[in-house]
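Taking it in order: structure first as structure tokens, then the write-up.
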Amino acid sequence: MCLCALVAKKFNMKKKLVVLTGAGISAESGIKTFRDADGLWEGHNVMDVATPEGWQKNPELVLDFYNQRRKQLRDVQPNLGHQILAELENNFDVNIITQNVDNLHEKAGSSNVLHLHGELLKVRSTVNRNYILDWEDDLNIGDFDDKGNQLRPHIVWFGEEVPALEEAVFLVEKADILLIIGTSLQVYPAAGLMNFANPKIPVYYIDPKPAQIYDLPNDIKIIAATGSEGMKIVQKELAKMK
């Protein structure tokens, strides 16, 4: 047992469970939050709708694409995987680090969610990236920040810096247990986060087609299943560790 776990046990503190989630957990709810193998995202080439170059070339197309994704959120609900993660807060200090831009973790009741790639229900200034607004309606050309600059989707596009990365690394470093759900581990820098985990903590990896994990010294349990089915298994195992 690592030192942090011993301290938690002595003072009756909750163990810190850090969860990395990818598109797989939202796919069960009917959302494609990232590109398919053919390079498309909901029928669009990702280079046209998820890059600064695409924005410069055709901002109307980009705005319409994210307006449609935003509307889609009204019709989808969290699945069992999301719900179990929220329930785990009863016994663990849970932090979710997600690559997804939907709000399904929050809808399910999770309290601490860090979005690496931004959020559909927020927009930001094209000039000041710290000017961020909650936004549930359509975003259009002519919607400005307080300085008269056009607003854009609060999404981290390909080629852009990931502002939340430093906080994500900090959370992973402090984890007592690491859980990875629904990711191919092919998208960096998110895929590299697991390498910051304490080598002595247990790692669970849930995915229907799990990727090979090399050079990670941790005790890893790979569960080839959907997020919902895998979380049923993990929930039972974690009940022994609280």
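The values are calculated or read from the model by the stated rules, or taken from the named source; none is laboratory data. Bear in mind the structure is a predicted one, so any value in this text is a computation, not a measurement. Because the Cβ atoms are built from the backbone with ideal geometry, glycine has one as well, and the counts that use them run over all protein chains shown. Note: areas computed on protein heavy atoms with side chains; ligands, DNA, RNA excluded. Shrake-Rupley method; radii C 1.70, N 1.55, O 1.52, S 1.80 Å.
Here 53, 87 are screened, and the one residue that is open to solvent by 40 Å² or more (accessible area, probe 1.4 Å), within 21 Å of residue 114 (Cβ to Cβ) and part of a helix (DSSP H, G or I) is 87.
A single member of 21, 33 is modelled with pLDDT of 95 or more and either closer than 17 Å to residue 120 by Cβ or in contact with a strand residue (DSSP E or B) (Cβ under 7 Å, 6 or more places away or on another chain) (or both), and it is 21.
For region 114-133, the criterion of being touching a helix residue (DSSP H, G or I) at 6+ places or on another chain (Cβ under 9 Å) and of a type in the set (Asp, Glu) is met by no residue.
Every residue, every condition in (1) modelled with pLDDT of 95 or more; (2) open to solvent by less than 50 Å² (accessible area, probe 1.4 Å); (3) closer than 23 Å to residue 103 by Cα, yes or no:
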| site | (1), (2), (3) |
| --- | --- |
| 129 | no, no, yes |
| 140 | yes, no, yes |
| 145 | yes, yes, no |
| 151 | yes, yes, yes |
| 180 | yes, yes, yes |
| 183 | no, yes, yes |
| 213 | no, yes, no |
| 216 | no, yes, no |
| 228 | yes, yes, yes |
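Filtered by the rule that a residue be open to solvent by less than 70 Å² (accessible area, probe 1.4 Å) and among the charged types (D, E, K, R), region 201-211 gives a lone residue, 207.
In region 185-200, the qualifying residues are those that are modelled with pLDDT under 90 and buried (at least 19 other Cβ atoms within 10 Å of the Cβ), and the one that is farthest from residue 101 (Cα to Cα) is 185.
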